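A single structure is presented below for examination.
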Amino acid sequence: MKKKCRFSLIALLLVGGALCTQTQAAIVFSDGFQSDNLNNWSTIGSGVLVADPAGGGGYALTFTTLASGGDVWSQPFSGGNYISFEYYGRTVGTGAGGFMGINGAWFAGDVPYGGNSILLVNDNSWHSYQLYLPGASGELMLELWGGSASVPGNGFFRDIVVSTTPVPEPTTLIAGLGALGLVLAGLRSRRSQVNRIGK
């Protein structure tokens, strides 16, 4: 019985440690747009916060005009390795025009441009993206590109995070919490069996 309890305790510590490691990514910049301000951004341009276009809670960033060269710029940051964000594009013409980059170089857009490595999806739903960009420092830039066939307000950004380690997907955290729950349930079951035997 002691061996089983010891094994369960070790499993509990391993699962808990893995969850802590995943959830404690060192964040160097983030904005989930869950407040009604753009205080984390140094240049606002035509960026505005609107209600979630999918009907969920919170806000998302969109733009009232199309632009080129970056419409909204973040406050400076340094020391990031991963950039993650969510994008929602309405299906209009050839795209919604959403673009994201850093220091004047684009790394994500809904059409290929300037060597961007992430192609954003426009299908009227939210999509999560993550990019490994070692030593990322400077300013993020976002826009609805003026060269697209879009109209203002058709592309949206939210949950932007620059971190030193990958930001876990929500499903990863849920799976980890589920495993932790199973370990705890096993410990409780064994404890009640021991109590019944001892009576």
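Under 5 Å between amide H atoms, partner at least 5 residues away or on a different chain: which partners does GLY153 have, H built in plane at 1.01 Å?
Amide H to amide H, under 5 Å and 5 or more residues apart or across chains, GLY153 pairs with PHE63.
For the residue pair THR64 and THR164, what label-to-label distance in nm results when each label sits 7 Å from Cα along the Cα-to-beta-carbon direction?
Each label point lies 7 Å from its Cα, and together they span 4.0 nm.
The numbers here are math on the coordinates, done by the rules we state, and not lab data. These numbers were taken from a predicted model, which means no experiment stands behind them. Methodologically, a virtual Cβ is constructed for each residue, glycine included, from the backbone with ideal geometry; neighbour enumeration extends over all protein chains shown.
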